[in-house]
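First comes the structure, then the notes that go with it.
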Amino acid sequence: MNAPQLSRRGFLIGSVGTGALFALGAGPAHAAGKPFVPNVWVRLEPDGTLHLTCNRSEMGQGVRSSIPALLAEEMGADRARVRVVQAPGDPVYGDQNTDGSRSIRNQYEMLRRMAAVARTMLEHAGARQLRVPVGEVASVAHEVVHASSGRAVPFGQLAAAAAAAKVPHPDKVKLRSDIPPGGWDLPLVEVDEWTSGRAQFGADVQRPGMLTAVIVRPPVLGAALLEVDDGAARAVPGVHDVVTMPVPAPPYAFQPLGGVAVVARDTWTAKKASEKLRLRWSESPHDDATWAADLAQMREQVAQPGTPRRQRGDAENALKRAANVVEATYVVPHLAHAALEPPAAVAEVTATGCEVWINTQTPQRTRSLVASRLGLEEDAVRVNVTYLGAAFGRKSKPDYAVEAAHLSQAVGRPVRVQWLREDAMRQGYFHAASVQALSAGFDDEGALTAWRQRIASPTIGSTFDAARHELRDSELGQGLSDLPLAVPHVSFETHAVQERMRIGWMRSVYNINHAFAVQGFLDELAHHRGVPLPDFIKTVYGPPRVVSADELGVPLWNYGAPEGEHPIDIARYHRVIDAVRERSAFDAPPVEGRAKGFAVHRSFLTYVACVVEVSRAPGGGPKLERAWVVADPGRIVHRERVRAQLEGAVLFGASVALYGHLDYQGGRVRAGNFREYRLVRMHEAPRSIDVEVITDGHAPGGIGEPGVPPVAPAIANAWFALTRERVRELPFHPPHA
Amino acid sequence: MKLTVNGTVHDVDASPDTPLLWVLRDHLGLTGTKYGCGEALCGACTVHVDGRAVRSCVLPVERLQGRAVTTIEGLSPDGSHPLQQAWARHAVPQCGYCQAGQIMTAAALLEEVPHPSEAQVDRSMATNICRCGTYLRIRAAILDAAGES
């Protein structure tokens, strides 16, 4: 996965409509036999080999399949001739931050334009060689073809001529008209690397003379290191050094947590020796923190008015005057990313700079943080991106790269930092818990007149601003301030919450909490009214229309996308609701001993409706039987990977519903490993997951995250349908119950 | 210590209590076998010892004298094991990290039970976590490789 050196000469940075970076101007002067490199995305060798750049990190979403596929299709290239080049961290590749389900939705137009530049130049060169007007040729299967004469020139033979031509402006080239909105059914590239064990993940990188470090970090956030007795650790054969690393002050941001590192010849030696360290830690403000007490306090908070965040009419008064009021409080605990590959990074500090190999979602941030820690210019740091053994947001926090760089500098050798599972479970950045009290008022004709929702939840903002303890607008914008409500009196209120750990974004982020509460509560209201949930939701969300920020009463955060391009479109809600209802036969009488639950949620600009069928598991709680998912993500590229993401989202959501619970006592996270932090296994997976993807002309939305939020509420709603037991606090199976 | 891996005898200079996983990864450079938990809970480190699937993260290397270890790198010389082919047909992997362990667990199952039922597949594969949630495709690929679908 090492990138060939791409020439930087002649590249200027500017902006296309999407705000992406691109290369402009005449390419480097190429002699015959040299490759054609019109920009950083495309490099065509004279033998026809086509190197296409992937600037985002492969973490299971298939981006190394989808980005090159889009480039290749726009070029008219033969995918069999394509080699994928993984971009190192560098601003020339545009924004490389692989999160927010943005790789396609934010780059779709830009990537096509970059490929169209290359295709246009090849077509001009081909037409000249064939002595025909350029309007009469087309790029098909790696050739420039003159259809009427049947003559063609292979791409490779045009590399030199194209390389000598002036590079047109990306905004001036014509895009192909035959790129289908539904993408293509394409193979998964490089599948054999994963099935043969050849794929190189973060921890797999080996450098000559490399040592491995295991770090003991503060057991409670905020504890400082008072005393280190490393005598016994140093006495372990194979230990090279013990290095004390500074414990940072808040805000923690992406700083390493500090602690004491044992650097040894192998992981086992480092781990064993680290257990022999005798460390004394200071008191911390979180020493007495327990989840039970914090939860009780959050429950008390949401019984009281909070900071108004989205108001229409007078919800207090409307609730007082309502003929019927339904109230419920929903709880989602803290959650761990639990990517199967824990954080790991290799750093090699040399006399002139530093090279890093890392499973990161954010190579550019990694580069600047490492440079800053080592006092280097960014140009002196190279960050190579390996495969990611999943990530889910944890690996967009490159604290572990800084640890590796710090230690490599300290010991003068290449160092791999290996987070143990227990480290990842206890000292990561965690998904925020949420307690939400909902109240609905109906008038005497049964119409919903008031909706009030009070939320107590730690904010990710606290990780970056130590004074921030209340949800930010972007966090409320994940399913609450953007929730369509055709209800006259609306109030959303938030409370400040003291965070106990570093709070960070995890796949789908606050949408998980908000969808669980909203879709569960809507199901309660639908039962109260005796109306099927899909119909009730249509009533509450109102008739097909575009819901403007004016109607919402608050600015629409909209995942950073323009409202005009990605409006809240009730018709699109209806399409996914109707489709999943039909495909799952939601309204048919249930199979004996089973029941179905429904939920729908828009996140990352994509609409997803989900039905889950459950029965009673022999050990209690729901057993998943079947699942149906209908998504409307707008335009897509790689149809098969989109389906794979939606299938995986059902399992991710199932783990949230059944087991996800990271609690703490004495400020310490209790779960250490998969025994306490359980994840769904094969025998708990549904027998089938039916996936339908609606793709029309809409601008592309996200796909990695939007599948998750509706799953947990669909399971809880199914459980209610089966048992009449309403589960309002996740998970179904708390680990320490 | 002598250790036989994929038919080759290696002289290993590691502490005798070192789990096989770390000998494979840190000493022999066989990094296809993955670390996930260190407590035999996730199956990412699954290898074969004398043909049986074991969790290499809890198996001290000193206990492997005279026994034959097979890792994912040695499952088939050219990656053409029927399970590897089925994995490609079903486009099983997402992040790919757990898949070597999944395949090694499945390969041992098919050695023992060439035509497993779905329930047998589920039971055997319950040792292996896939956080990306590729279970349905893993199940389908195993049944496919076994000629059951």
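Can you say whether B:R63 is open to solvent by 30 Å² or more (accessible area, probe 1.4 Å) and farther than 27 Å from A:V691 by Cα, as far as the supplied structure shows?
yes
Within region A:510-557, which helices (runs of 4 or more DSSP H) (wholly inside it) include 2 or more residues that are more than 23 Å from A:H698 (Cβ to Cβ) and touching a Leu at 6+ places or on another chain (Cβ under 6 Å)?
A:510-529
Looking at A:L130, is it surrounded by fewer than 20 Cβ atoms within 10 Å (Cβ to Cβ) and either more than 30 Å from A:G393 (Cα to Cα) or of a type outside the set (A, V, I, L, M, F, W, C) (or both)?
yes
Test each condition in (1) in contact (Cβ under 8 Å) with a residue 60 or more places away in the chain; (2) within 26 Å of A:W357 (Cβ to Cβ) for A:R113 and report the one that comes out false.
So the condition that A:R113 fails would be (2).
Applying the selection to region A:678-692, what residues are buried (at least 18 other Cβ atoms within 10 Å of the Cβ) and more than 10 Å from chain B (Cβ to nearest Cβ)?
Residue satisfying the conditions is A:V691 alone.
This table checks each residue for (1) touching a Lys or Arg at 6+ places or on another chain (Cβ under 7 Å); (2) among the hydroxyl-bearing types (S, T, Y); (3) open to solvent by less than 60 Å² (accessible area, probe 1.4 Å).
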| residue | (1), (2), (3) |
| --- | --- |
| A:G126 | no, no, yes |
| A:A152 | no, no, yes |
| A:A160 | yes, no, yes |
| A:D192 | no, no, no |
| A:R198 | no, no, no |
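Only one of A:P180, A:P168 is assigned to a loop (DSSP other than H, G, I, E, B), within 37 Å of the chain's Cα centre (by Cα), surrounded by 15 or more Cβ atoms within 10 Å (Cβ to Cβ) and not assigned by TED's automatic domain parsing to the domain that holds A:G412; which?
Going through A:P180, A:P168 in turn, just one is assigned to a loop (DSSP other than H, G, I, E, B), within 37 Å of the chain's Cα centre (by Cα), surrounded by 15 or more Cβ atoms within 10 Å (Cβ to Cβ) and not assigned by TED's automatic domain parsing to the domain that holds A:G412: A:P168.
Of the residues in region A:364-414, how many are crowded, with 24+ Cβ neighbours inside 10 Å, in a strand (DSSP E or B) and away from chain B (no Cβ under 13 Å)?
Number satisfying all stated conditions: 3.
Across region A:419-459, what is the total count of residues that are outside any strand (DSSP E or B), open to solvent by 10 Å² or more (accessible area, probe 1.4 Å) and away from chain B (no Cβ under 14 Å)?
Going residue by residue through region A:419-459, those that are outside any strand (DSSP E or B) are A:419-429, A:432-433, A:443-447, A:457-459.
With open to solvent by 10 Å² or more (accessible area, probe 1.4 Å) added as a condition, the list becomes A:420, A:422-424, A:426-427, A:443-447.
Right, trim to away from chain B (no Cβ under 14 Å) and you get A:427, A:443-447.
Total satisfying the criteria: 6.
Tell me, yes or no, whether region A:650-660 has at least one residue that is within 7 Å of chain B (Cβ to nearest Cβ) and either in contact (Cβ under 8 Å) with a residue 40 or more places away in the chain or not hydrophobic (A, V, I, L, M, F, W, C) (or both).
The first filter runs over region A:650-660 and keeps only residues within 7 Å of chain B (Cβ to nearest Cβ), leaving A:650-652.
Going one step further and asking which of them are either in contact (Cβ under 8 Å) with a residue 40 or more places away in the chain or not hydrophobic (A, V, I, L, M, F, W, C) (or both), we end up with A:650, A:652.
Looking for residues that are within 7 Å of chain B (Cβ to nearest Cβ) and either in contact (Cβ under 8 Å) with a residue 40 or more places away in the chain or not hydrophobic (A, V, I, L, M, F, W, C) (or both), one finds at least one in region A:650-660, hence yes.
Condition test on A:G672, is it crowded, with 24+ Cβ neighbours inside 10 Å, more than 8 Å from every other protein chain (Cβ to nearest Cβ), modelled with pLDDT of 95 or more and not in a strand (DSSP E or B)?
Answer is no for this residue.
Is it true that B:A126 is within 7 Å of chain A (Cβ to nearest Cβ), surrounded by fewer than 24 Cβ atoms within 10 Å (Cβ to Cβ) and without any contact (Cβ under 8 Å) to a residue 12 or more places away in the chain?
In short, yes.
Condition test on A:R217, is it more than 14 Å from every other protein chain (Cβ to nearest Cβ), open to solvent by 50 Å² or more (accessible area, probe 1.4 Å) and at negative phi? Even if it seems obvious, please write down each step before you answer.
Values: more than 14 Å from every other protein chain (Cβ to nearest Cβ): yes; open to solvent by 50 Å² or more (accessible area, probe 1.4 Å): no; at negative phi: yes.
In short, no.
Restrict the check to region A:231-238 and report whether at least one residue is away from chain B (no Cβ under 14 Å) and at positive phi.
Within region A:231-238 (the criterion being away from chain B (no Cβ under 14 Å) and at positive phi), the answer is no, since none of the residues qualifies.
To keep it simple, each residue is scored yes or no on (1) at pLDDT 95 or above; (2) of a type in the set (A, V, I, L, M, F, W, C).
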position: A:A26; (1), (2): no, yes
position: A:A31; (1), (2): no, yes
position: A:P38; (1), (2): yes, no
position: A:C54; (1), (2): yes, yes
position: A:M59; (1), (2): yes, yes
position: A:P68; (1), (2): yes, no
position: A:L71; (1), (2): yes, yes
position: A:A87; (1), (2): yes, yes
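Can you list residue pairs whose Cβ atoms sit under 9 Å apart, with the first residue in region B:64-89 being more than 12 Å from B:I103 (Cα to Cα) and basic (K, R) and the second being open to solvent by 40 Å² or more (accessible area, probe 1.4 Å) and part of a loop (DSSP other than H, G, I, E, B)? Count only pairs 6 or more apart in sequence or on different chains.
Pairs found: B:R67/B:D50.
Take region B:129-149 and flag every residue that is of a type in the set (K, R) and either open to solvent by less than 10 Å² (accessible area, probe 1.4 Å) or within 7 Å of chain A (Cβ to nearest Cβ) (or both).
Let us first name the residues in region B:129-149 that are of a type in the set (K, R), namely B:131, B:137, B:139.
Correct list: B:R131, B:R139.
Of all strands (runs of 3 or more DSSP E) completely enclosed by region A:191-289, which ones contain at least 3 residues that are under 29 Å from the mean Cα position of the chain (by Cα) and β-branched (V, I, T)?
A:211-216
Please go through region B:13-22 and give me each residue that is within 8 Å of chain A (Cβ to nearest Cβ) and either under 13 Å from the mean Cα position of the chain (by Cα) or assigned to a helix (DSSP H, G or I) (or both), ordered by number.
The answer is B:W22, and nothing else.
Pick from region B:101-123 the residues that are more than 28 Å from B:L28 (Cβ to Cβ) and assigned to a helix (DSSP H, G or I): which of them is nearest to the other protein chains (Cβ to nearest Cβ)?
Ranking the qualifying residues of region B:101-123, first place goes to B:D122.
Do the conditions hold for A:G667, that is, is it within 14 Å of another protein chain (Cβ to nearest Cβ) and either touching a helix residue (DSSP H, G or I) at 6+ places or on another chain (Cβ under 8 Å) or open to solvent by less than 30 Å² (accessible area, probe 1.4 Å) (or both)?
Judged against the criteria, A:G667 is not a match.
The values are calculated or read from the model by the stated rules, or taken from the named source; none is laboratory data. Keep in mind that this is a model prediction, so the values were computed, not measured. Here Cβ is always computed from backbone atoms with ideal geometry, including for glycine, and neighbour counts include all displayed protein chains. Each accessible area value is taken on the protein alone, full model and side chains, heavy atoms only, with ligands, DNA and RNA left out. Shrake-Rupley method; radii C 1.70, N 1.55, O 1.52, S 1.80 Å.
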